[in-house]
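Nothing in this text is a laboratory measurement; each read-out follows from the coordinates by a stated rule. These numbers come from a predicted model, not from an experiment. Here the Cβ is made from the backbone with ideal geometry for all residues, glycine too, and neighbour counts use every protein chain on show.
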Amino acid sequence: MNTNASCISFDPYFFVWGMEWRLLEPTEKLVRSHLTKLSREGMKWYASNGLQNFVGMCNHIPDARSHMHSAALHLASQWSKGGLELFVFGMPEQQVALVALNEQRPLPGFDFIGSLTDAQALIDEFESIHQGEPIRRVGDLGLLVDEEALSVSTVFDQAKSDSKLKKMLGFKTVLIFCTAVLLVIGVFSGAYYMHHRDRARMLANLPGPLAPDPNLAYDLQAAQKVKDLNAENQFLYSAWMRMAMQLPFTNKGWELTQIECKIKDCKATWRHLFGSAEDFYNHPPPNTQQTEQLVVDKNVLSQQIQTTHIPPAYLDKPIYDKPSDLPQAKQGFRVVTSWLQDLSLIGAQNAVVEPAKVWNVPTEESTSIKHPIFKGNWSIDLPLSMAPDLEVPSFASVTFMKTNLGSTYQLSGDFYVYADSP
């Protein structure tokens, strides 16, 4: 149970992450007896909304302030749209803040601020628990699928009283507090005016909020891309070849005319020679995942059938573990160019290679990435006889293959390299 929280300044407000949230039973109310019980457990701060059917608490906040707001309640009251929601934002000092809500209530265990690794583990846990359910995902790091982009400076502004933290007060503390209130009530109006005047001056001189470091999300995405590359190079191409070689030239009176492969699957097209579509559907080719009848025109003898196949992939020992394992940019471009040139000497045509550019970052923002990887494209038309023996460079992926079962086939893909050393 994490009952220690962290306070982050978004001037002039202070927001708290890392509170423990409890959903109260229908018969429970957040009354003094309940607060007394929490105080006996060692809790010193708490927060709840107007419904008071749940409560967040903590026993220690480093650098605690007199006016603090729960980040989870702030998101629930001002930025929630209902249903399941996951908010993930970059914070100063390379920290990541995460809050999950369900029907505008913080979910226990998902009010967090800490390292990128721990935040990613919580993201994976939340996605696993709610797999298949509609989830709204909001953030500014790009860590979430279908992320709704909102900057942290936009979200954590104009905090309201319904998200404010309250301190657990003992009986003696209450008496002292009431006495103090009576003493200062006579000068409250003047103090209120002075406070707001000084606050306006302070806001005018404050620097803007710290921008999140884009390298946090980029490094995580780049590391995952390098791991995915291990299954998208020669291994995927070999899987395509094994799948294609298992297909018969004819099946129940239908002739194979085309094979087209992309990363997720391969599709085979068949034209009618004799027999019926029902014969084909009842006896599809090996490893068929889906069969679809294509109506070319009104002539039933001109109709085609398309089958979808999942290549039987395999993966030996991974070649690359991290981005710096990739070849450097100039060397990698030279290797891919030489590979395509050698293939042209033995009958390949239309060999094209595009110089690599910074992967997954707009050109105008690429200079802000400290350790980028680069991506280039290549394509070539090859003699069909070369297909079983072709070897793809280990840092190159295959993304598309197509053949009409003539004398050639088309093959294209990408290659990934690391920044050159200075």
Candidate aspartates and glutamates for bridging to residue 37, where Cα separation is under 18 Å - those fewer than 8 sequence places away on the same chain excluded: 20, 25, 28
Does anything in region 385-422 have its amide N under 16 Å from the 7 Å Cα→Cβ label point of residue 357, and if so which residues? 414-417
Compute the FRET efficiency between residue 274 and residue 322 as 1/(1 + (r/R0)^6), taking r as their Cβ-Cβ distance and R0 = 56 Å, and round to the nearest 0.05. 0.50
Net charge near residue 253, counting Lys/Arg +1 and Asp/Glu -1 over other residues with Cβ under 15 Å of its Cβ? -1
Length gained if residue 245 through residue 128 is fully extended, taking 0.36 nm per residue and subtracting the Cα-Cα distance, is 38.4 nm
Region 240-309: C-alpha gyration tensor shape, a/c 1.5 cut-off, then a/b vs b/c: prolate
The summed charge of the residue 266 Cβ neighbourhood (under 12 Å; Lys/Arg +1, Asp/Glu -1) stands at +3
Among 95, 120, 290, which one shows the biggest mean-square fluctuation in a GNM of the chain, springs joining Cα atoms closer than 10 Å? 290
For region 124-137, in residue order, the Karplus 3J(HN,Hα) values (coefficients 6.51, -1.76, 1.60; θ = phi - 60°; whole Hz; Gly and Pro = x) are 4, 5, 5, 5, 5, 5, 10, 4, x, 8, x, 10, 8, 10
Protection-proxy order for peptides 112-119, 359-366, each taking the mean of Cβ atoms within 10 Å per residue, highest first: 112-119, 359-366
Region 349-409: which trypsin sites (Lys or Arg not before Pro) are DSSP loop and have at most 13 other beta-carbon atoms within 10 angstrom? 370
J(HN,Hα) series, region 378-395, from Karplus relation 6.51 cos²θ - 1.76 cosθ + 1.60, nearest Hz, glycine and proline x: 9, 7, 6, 9, 10, x, 4, 5, 7, 3, x, 9, 5, 10, 8, x, 5, 9
Can you give the extra length, in nm with one decimal, that the chain gains between residue 282 and residue 196 once fully stretched, where that is 0.36 nm per residue apart less the Cα-Cα distance? 23.0 nm
Among chymotrypsin sites (Phe, Trp or Tyr not before Pro) in region 259-326, those in a DSSP loop whose Cβ has at most 12 other Cβ atoms within 10 Å are 274, 314
Computed over the chain, the relative contact order (Cα-Cα under 8 Å, seq sep at least six) in percent reads 12 percent
Name the long-range amide H neighbours of residue 14: under 5 Å, sequence gap of 5 or more, or other chain; modelled H, no Pro or chain starts. 69
For the chain, set up a Gaussian network in which alpha carbons nearer than 10 Å are linked by springs, and say which option among 243, 194, 386 fluctuates the most. 194
Quick one: if the Förster radius is 30 Å, what FRET efficiency do residue 154 and residue 370 give, using the C-beta to C-beta distance and rounding to 0.05? 0.75
Among the lysines, which fall within straight-line cross-link reach of residue 81, defined as a Cα-Cα distance under 25 Å, with same-chain neighbours fewer than 8 residues apart omitted? 160, 164
How do the peptides 333-340, 292-299 rank, highest first, by the average count of neighbouring beta carbon atoms within 10 Å per residue? 333-340, 292-299
Quick one: 3J(HN,Hα) in Hz for region 266-278, Karplus 6.51/-1.76/1.60 with θ = phi - 60°, rounded, Gly and Pro as x. 10, 10, 10, 10, 10, 10, 6, 10, 7, x, 10, 5, 4
Proximal lysines to residue 267, defined as alpha-carbon separation beneath 23 angstrom and excluding residues fewer than eight positions away on the same chain: 252, 402
Top positive-direction residue, dipole computed over the chain with Cβ charges, set 250, 293, 328: 328
